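Student: Sharing a structure with you now.
The values are calculated or read from the model by the stated rules, or taken from the named source; none is laboratory data. Worth saying up front: this structure is predicted, and the values here are computed from it rather than measured. All Cβ positions, even for glycine, are placed from backbone atoms using ideal geometry, and neighbour counts span all protein chains on display. Protein only, heavy atoms only, side chains kept; ligands, DNA and RNA dropped before computing areas. Shrake-Rupley method; radii C 1.70, N 1.55, O 1.52, S 1.80 Å.
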Amino acid sequence: MGMLCTAVFVLSMNNFGPIADNAGGVVEMSEQPHEVRVITDRLDAVGNVTKAATKGYAVGGSALACFLLFNAFLDDITVISNTKFKVVDITKIEVMISGLIGIMMVFLFVGWSISAVGHTAEDVVTEVRRQFREIPGLMQGKNKPNYKRCVEIVTKAALDKMKKPALLALLTPIFVGVLFRFIGDIYNLDNSGINLLGVECLSSFLIFGTLTGLLMAIFLDNSGGAWDNAKKLIESKNLKNTYEHSSAITGDTVGDPFKDTAGPALHVVMTTMSTTSLVLAPIFIGNIK
């Protein structure tokens, strides 16, 4: 109830950021005076802070949903196996390895997401350079660029280059649960009791992966906004074409996929892993009578 009471306020803060950002773009494209752009830059800097705060709210909601789904997963296993399952022993080597896989999956997902943004940005830069070469009068403002082509590149990349990270988040929990279920069957060749090794390993994977994703999402959301605001601060002090400004641009280039791609995507990944495990819970239990 506490989170729901502030939902409207959080949504308002979340919408403030994109509106201020788009206002800056409209001012620049309409060639407004520099003073107007200074005002929109300040609003955009405030918007980055509000977006970071609201993303923290979103992370909290995702974490709450994950822990509820995890408890539902444990209850589901208890009902299916007719065995009370509430404790995960992380001293088992298989369980510990599964937890490490959960941690590594988060870092791999973030790396692939950021890499997808970088490669797409290179494609857009290549297209923009091609248009400057081939469209006469573009530099002088006599002809308009082909916006459609740039939008097409970005839209296709958003769908195509995120296939690999999405499949990673969906298939890794299934792989871990099924793999260690079969390993448990090997340990339990005499069929003495229900094999819950796959469930234990999957539970460890979910716990470690969710906690790592929670901390990583907070880091990405806040650091990305900080880099963006650092660049705006340097520009407001008339330090363009300096080493400080070049460094800030590099930081902002990294910060954008941090706060706008990898960070928000982790919110979805955490709940996706828990939901997938809950729905497919029966296939992770071995030797059910």
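Student: Name the residues whose placed amide hydrogens come within less than 5 Å of the amide hydrogen of N195, ignoring near sequence neighbours (fewer than 5 apart) on the same chain.
Tutor: Under 5 Å from the amide H of N195: G286, N287.
Student: Could you order V125, V279, V199 so the one with the most accessible surface comes first? Probe is 1.4 Å.
Tutor: Reading off the accessible areas and sorting them downward yields V279, V125, V199.
Student: Under the 0.36 nm per residue contour assumption, what length would be gained going from the current alpha-carbon distance of I97 and D160 to full extension?
Tutor: This chain segment gains 19.6 nm when fully extended.
Student: Still on this structure, please answer the following. Mind giving me the FRET efficiency for T242 and L43? R0 is 22 Å, r the Cβ-Cβ distance, nearest 0.05 is fine.
Tutor: After rounding, the FRET efficiency stands at 0.35.
Student: Could you work out what % of the accessible surface of the chain is carbon and sulfur, using a 1.4 angstrom probe and leaving DNA, RNA and ligands out of the count?
Tutor: The computed percentage sits at 67.
Student: What helices does the chain hold that run 15 Å or longer along their axis, going by alpha-carbon atoms, with a Kyte-Doolittle average of 1.0 or more, using DSSP H for the helix calls?
Tutor: Membrane-span-like by this rule: 163-187.
Student: Also, I was wondering about something else. What is the ratio of the Cα radius of gyration of the chain to 2.2 N^0.38 Å, with N the residue count, to two decimals?
Tutor: Cα Rg divided by the expected 2.2 N^0.38 Å: 1.27.
Student: Still on this model: From the Cα gyration tensor of segment 62-108, with a ≥ b ≥ c the square roots of its eigenvalues, which class applies: rounded if a/c is under 1.5, or else prolate if a/b is larger than b/c, or else oblate?
Tutor: Cα axes put segment 62-108 in the oblate bin.
Student: Right, here's the next one. Over the chain, average the accessible area per residue using a 1.4 Å probe and give it in Å², no decimals.
Tutor: With the other protein chains kept in place, the chain gives 57 Å² per residue.
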